[in-house]
1. Among the residues of region 69-90, write down those that are on the phi < 0 side of the Ramachandran plot, touching a residue at least 40 places away in the same chain (Cβ under 8 Å) and either in contact with a His (Cβ under 9 Å, 6 or more places away or on another chain) or buried (at least 17 other Cβ atoms within 10 Å of the Cβ) (or both).
2. Which of the residues that make up region 89-131 are under 27 Å from E30 (Cα atoms) and assigned to a loop (DSSP other than H, G, I, E, B)?
3. So in region 17-65, with the set limited to residues that are part of a loop (DSSP other than H, G, I, E, B) and at pLDDT 85 or above, which one is nearest to L76 (Cα to Cα)?
Amino acid sequence: MTTYESDIKTISSNEEVVFNKLSDLNNLKELQNKSPETDKIKDLFFDADSCSFVVDGIGKIGFRVVEREPFKTIKLNSENAPVQLSVWVQLKKTDENNTAMKLTLKAELPMMIKMMVDKKLKEGINKVADLLAKGLSV
């Protein structure tokens, strides 16, 4: 299992507000038009507990929330992905109106695939964290 972690991002919002936004995946719809990378992602679908999308060159990938620990952690597992993936969103209150967030991606990657996607996954996890931090800051 290969682990990729984002840098710790600061969100200018209360951890309860951030958790409530992120724990309902429908709220990701608001963020989809804020990223320049959206031209590579198509057929986005969201509901409260899952999301799916098609990535050029990879295919359809979905994620489902498998655990929510209020105001601290949201865990998602992949569905219909070519490899097993899990994502953890970790939140920590830094003061009354700021929340620290870190994303962790764990992937079951065969060595050949890891060599091809390692750099992109390292960059991608930080891009997603940046997008979430900007979109959730008030």
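1. I74, V89
2. Of everything in region 89-131, those that are under 27 Å from E30 (Cα atoms) and assigned to a loop (DSSP other than H, G, I, E, B) turn out to be E96, N97.
3. Residues of region 17-65 that are part of a loop (DSSP other than H, G, I, E, B), as a first pass: 24, 35, 47-49, 56-58.
Checking which are at pLDDT 85 or above leaves us with 24, 47-49.
Values: D24: 12, D47: 13, A48: 12, D49: 9 Å.
Looking at residues that are part of a loop (DSSP other than H, G, I, E, B) and at pLDDT 85 or above, I get D49.
The values are calculated or read from the model by the stated rules, or taken from the named source; none is laboratory data. Everything quoted here is computed from the prediction, not taken from an experiment. In this analysis, Cβ positions are derived from the backbone assuming ideal geometry, glycine residues included, and neighbour counts consider all displayed protein chains.
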